[in-house]
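The values are calculated or read from the model by the stated rules, or taken from the named source; none is laboratory data. Quantities reported herein were computed from a predicted structural model and do not represent experimental measurements. Note that we place each Cβ from the backbone using ideal geometry, even for glycine, and neighbour counts take in every protein chain shown. Side chains are part of the model used for accessible areas, which takes the heavy atoms of the whole protein and leaves out ligands, DNA and RNA. Shrake-Rupley method; radii C 1.70, N 1.55, O 1.52, S 1.80 Å.
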Amino acid sequence: MSNTKMNAGAAFPDMAWDAVGGGRIAPKTDSGWRMLVVYRGKHCPLCKKYLDQLEQLQGAFKAANIQIAAVSADPQAKAEAEAAECKWTFPLGYGLSIPQMRELGLYISDPRSPEETDRPFSEPAIFVINPEGHVQIVDISNAPFARPDLASMLQGLKFILDKGYPIRGQA
């Protein structure tokens, strides 16, 4: 089964996830600028490093008035364990479903072994949603090795906000 990649400028779909420590992550209904990082899950050491960087840059994103959150297909127990172990303080969602992965246009992988994880998972992605609820930036990868540099992403988002830079790549 194939899925359709999300287009730049599209309205972010109406979906939400429970978050570690309570609350919900709901990018469509949140306000302001927001960035959703989709990660593979607790089994991925590259995701851990990436989310560690996100944690370090959290204050800079907040100072730029950009909300950040992350989500994976992990169940609640795995997400809670990883958040506690890594001391992440940004909103961390769990339970990203396969239908949601398909709606977002994510690449989906099966575990290589039961030791890796026990369920299909999405490969990494980033969605930056503007105050109107449209996808300003979409970055979807099919492998954990190809992700945007978070510090560069932050600088680019500051430029977008400062200059009123439009959504690019809509054709």
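Remarks
- Sequence of E103, E80, E132 from largest to smallest accessible area, 1.4 Å probe: E132, E103, E80
- Converting the Cα gyration tensor eigenvalues of the range 30-118 into ellipsoid dimensions via √(5λ) gives semi-axes, longest first, of 23, 16, 11 Å.
- Compactness of the range 1-57 - radius of gyration and Dmax, Cα, Å: 13.8, 38
- Under the Debye formula (equal points on every Cα, no solvent term), log10 I(q)/I(0) of the range 30-70 at q = 0.16, 0.25 Å⁻¹: -0.42, -0.84
- Accessible area per residue was computed with a 1.4 Å probe on protein heavy atoms; S152 scores about 70 Å².
- The Cα center of the range 28-48 and the Cα center of the range 3-20 differ in position by 12 Å.
- Accessible area per residue, Å², the chain with all protein chains present, probe 1.4 Å: 50
- I68 long-range amide H proximity, modeled H, under 5 Å: M35
- Derived scalar couplings ³J(HN,Hα) [the range 17-34; Karplus, 6.51 cos²θ - 1.76 cosθ + 1.60; whole Hz; x for Gly, Pro]: 9, 5, 10, 4, x, x, x, 9, 9, 9, x, 5, 9, 5, 10, x, 7, 8
- Cross-link pairs exceeding 29 Å in C-alpha to C-alpha distance, out of K28/K62; K78/K158; K78/K163; K42/K163; K5/K48, comprise K78/K158; K78/K163; K42/K163.
- Residue-averaged [θ]222 nm for the chain, counting only DSSP H segments that reach four residues, each worth -39500 (n - 2.57): -9500 deg cm²/dmol
- Relative contact order for the range 13-106, counting Cα pairs under 8 Å that sit 6 or more residues apart, in percent: 35
- Of all accessible heavy-atom area on the range 1-157, the percent that carbon and sulfur account for (1.4 Å): 51
- Cβ screening of the chain for cysteine pairs under 4.7 Å finds these without a partner: C86.
- Antiparallel bridges, percent of DSSP beta bridges restricted to the chain (to nearest 5): 65
- Values (i) 15.6, 44; (ii) 15.1, 48; (iii) 17.0, 54 are given for comparison; Rg and Dmax of the Cα atoms in Å, derived from the coordinates here, is the one labelled (ii).
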